[in-house]
1. Out of everything in region 92-106 that is more than 21 Å from N66 (Cβ to Cβ) and not in a loop (DSSP other than H, G, I, E, B), what residue ends up being modelled with the highest pLDDT?
2. Considering only region 39-59, I want to know if a residue exists there that is of a type in the set (V, I, T), within 19 Å of R120 (Cα to Cα) and at pLDDT 95 or above.
3. Starting from region 119-147, keep only residues that are closer than 17 Å to P25 by Cα, then list their pairs with residues that are assigned to a loop (DSSP other than H, G, I, E, B) and hydroxyl-bearing (S, T, Y) whose Cβ atoms are within a distance under 8 Å, requiring at least 6 positions of separation or different chains.
4. So, of the residues in region 107-130 that are over 17 Å from E62 (Cα atoms) and surrounded by fewer than 18 Cβ atoms within 10 Å (Cβ to Cβ), which turns out to be modelled with the lowest pLDDT?
5. Residues in region 5-26 that are of a type outside the set (A, V, I, L, M, F, W, C) and either modelled with pLDDT under 95 or not in a helix (DSSP H, G or I) (or both): how many?
6. Considering only region 1-60, how many residues are under 26 Å from D113 (Cβ atoms), in contact (Cβ under 8 Å) with a residue 40 or more places away in the chain and of a type in the set (G, A, S)?
7. Restricting region 68-80 to residues that are over 18 Å from F31 (Cα atoms) and over 14 Å from the mean Cα position of the chain (by Cα), which is surrounded by the fewest Cβ atoms within 10 Å (Cβ to Cβ)?
Amino acid sequence: MVSEKEFRKWFSKAKRVVIAGIGNPIRMDDFVGVKIVQDLRGKVSEKVCLIECETVPESFTEQIANFDPTHILLIDAAFLGKEPGDSVLVKPEKLLAFSAISTHALPLRIFCDLLSRTTRAEIGLLLIQPERTDLGENLTPIVEASAKKIANLLRKILDQ
């Protein structure tokens, strides 16, 4: 699990933040990124733009760029080879060296490259190990508990 210290360090110079949740609403734990964004709604300051990208994050490139963020955090499920609910915070350039496999058609690295060309923001990926990504509408209990912890931690850090 990403620690409060890691998050605080990453957000230390943040002025305007985009948090983009990525995931498929009918693929169980794959929806974890969007669920975290939903849990943050109404609980963070106006300097934070929350976006529910679902399975098409590239469709939100203009909205993200128009917000003029200093930091962009993309939250997604990824097969990390860890325990369900475990998470890591990585920079896009580390994604190739990292053995994470996204569940989406457009590789996150390509989306991050697009964001790098359209913003000057620091980009981070919060990747969460799913337990199940088969058809279904609810997160598994362990991933849901992890999502709640992450949302609470982000709210605590970003509402200051």
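The values are calculated or read from the model by the stated rules, or taken from the named source; none is laboratory data. What you see is a predicted model; the values in this text were computed from it and never measured. No Cβ is skipped: glycine too gets one built from the backbone with ideal geometry, and neighbour counts run over all protein chains shown.
1. E93
2. yes
3. P130/T103; P130/T140; E131/T140; R132/T140; T133/T103
4. Taking the candidates together, the pick is P107.
5. Qualifying residue count for the region: 8.
6. Looking only at that region, the number is 5.
7. Only one residue fits best here, namely D68.
Listed here are the residues, each with its yes/no results for (1) assigned to a loop (DSSP other than H, G, I, E, B); (2) in contact with a helix residue (DSSP H, G or I) (Cβ under 6 Å, 6 or more places away or on another chain); (3) buried (at least 20 other Cβ atoms within 10 Å of the Cβ).
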| residue | (1), (2), (3) |
| --- | --- |
| V32 | no, yes, yes |
| K35 | no, yes, yes |
| Q38 | no, no, no |
| K43 | yes, yes, no |
| E46 | yes, no, no |
| C53 | no, yes, yes |
| Q63 | no, no, no |
| N66 | no, no, no |
